[in-house]
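Trainee: Structure incoming, see below.
The values are calculated or read from the model by the stated rules, or taken from the named source; none is laboratory data. Here the structure is a predicted model, which means the values were calculated and not measured. Ideal geometry is used to build each Cβ from the backbone, glycine not excepted, and the neighbour counts take in all protein chains shown. Side chains are part of the model used for accessible areas, which takes the heavy atoms of the whole protein and leaves out ligands, DNA and RNA. Shrake-Rupley method; radii C 1.70, N 1.55, O 1.52, S 1.80 Å.
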Amino acid sequence: MVNDIIADSLTRLRNASMRRLEVTNLYYAKIIVSILEVFKTKGFVKDYNVNNKDGKQSISVQLAYDERGYPLINELKRISKPGRRVYKGHSELKRFKNGYGTIVVSTSKGVIANEEAYRQNVGGEALCSIW
């Protein structure tokens, strides 16, 4: 059993990206689907599909690469952990890595990217960062 499903999913994405795999599978959770939606809109992931096989759901993720075959995911980190939650106000979410990176934030308006949270003037729990 996985205690931290977000950290497990990020590790699977990181390892698949380093090995230059086309597709990887993740455990299903609504929060993971929300995080993948942010990754997809930012271009770090091509697409994802929720699979239902024998009553168990999983997510297959197609990773994105540039024209030379290098992965678009350079770094993928878990910020807020089960033992230490990290919350950020909207003023702390303005930019990350000069606009090249994204912080995924769980707010009262859903799981969104840091730029969108700054525009909507909301803060929340910083789940992970990607660039």
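Trainee: Being within 27 Å of GLU116 (Cα to Cα), of a type in the set (A, V, I, L, M, F, W, C), open to solvent by less than 60 Å² (accessible area, probe 1.4 Å) and not in a helix (DSSP H, G or I) is the filter here, so list the residues in the range 1-52 that pass it.
Mentor: Correct list: LEU26, ALA29, PHE44, VAL45.
Trainee: Another one. Could you tell me which residue of the range 98-131 is nearest to ASN15 (Cα to Cα), considering only residues that are in a strand (DSSP E or B) and not hydrophobic (A, V, I, L, M, F, W, C)?
Mentor: SER129
Trainee: Between residues in the range 25-41 that are within 19 Å of ASN52 (Cα to Cα) and residues that are buried (at least 16 other Cβ atoms within 10 Å of the Cβ) and polar (S, T, N, Q), which pairs lie under 6 Å by C-beta distance while being six or more apart or on different chains?
Mentor: Partner pairs satisfying both residue conditions: LEU26/SER9; ILE32/SER9.
Trainee: Name every residue in the range 59-76 that is open to solvent by 80 Å² or more (accessible area, probe 1.4 Å) and free of Cβ contacts under 8 Å to residues at least 12 places away in the same chain, in order of residue number.
Mentor: Residues satisfying the conditions are GLU67, ARG68, TYR70.
Trainee: Taking the criterion of being at pLDDT 95 or above, closer than 19 Å to ILE6 by Cα and surrounded by fewer than 18 Cβ atoms within 10 Å (Cβ to Cβ), would at least one residue in the range 115-125 satisfy it?
Mentor: Looking through the range 115-125, at least one residue is at pLDDT 95 or above, closer than 19 Å to ILE6 by Cα and surrounded by fewer than 18 Cβ atoms within 10 Å (Cβ to Cβ).
Trainee: Give the range 77-89 a look and list any residue that's in a strand (DSSP E or B) and either acidic (Asp, Glu) or open to solvent by less than 90 Å² (accessible area, probe 1.4 Å) (or both), or say none. Break it down into steps so the answer makes sense when it comes.
Mentor: Within the range 77-89, the first condition is being in a strand (DSSP E or B), and the residues that meet it are 77-78, 81, 84, 87-88.
Hits for the range 77-89 are ARG78, LYS88.
Trainee: Now a separate question. So the check is Cβ under 9 Å with 6+ separation or different chains; which pairs have a first residue in the range 77-101 that's of a type in the set (S, T, N, Q) and a second one that's not in a loop (DSSP other than H, G, I, E, B)?
Mentor: Correct list of pairs: SER80/ILE6; SER80/TYR87; SER80/SER106; SER80/GLU125; SER80/ALA126; SER80/LEU127; SER80/CYS128; SER91/TYR118.
Trainee: Return a yes/no flag: does the range 90-97 have any residue that is under 24 Å from GLU115 (Cα atoms), open to solvent by 40 Å² or more (accessible area, probe 1.4 Å), of a type in the set (Phe, Trp, Tyr) and part of a loop (DSSP other than H, G, I, E, B). Walk me through it before giving the result.
Mentor: Keep residues of the range 90-97 that are under 24 Å from GLU115 (Cα atoms), which gives 90-97.
Filter once more, so that each one left must be open to solvent by 40 Å² or more (accessible area, probe 1.4 Å): 90-92, 94-97.
Still in the list and also of a type in the set (Phe, Trp, Tyr): 96.
From the residues that got through so far, the ones that are part of a loop (DSSP other than H, G, I, E, B) too are 96.
Within the range 90-97, one or more residues are under 24 Å from GLU115 (Cα atoms), open to solvent by 40 Å² or more (accessible area, probe 1.4 Å), of a type in the set (Phe, Trp, Tyr) and part of a loop (DSSP other than H, G, I, E, B).
Trainee: Out of all the residues in the range 1-17, which are modelled with pLDDT of 95 or more and not charged (D, E, K, R)?
Mentor: ILE5, ILE6, ALA7, SER9, LEU10, THR11, LEU13, ASN15, ALA16, SER17
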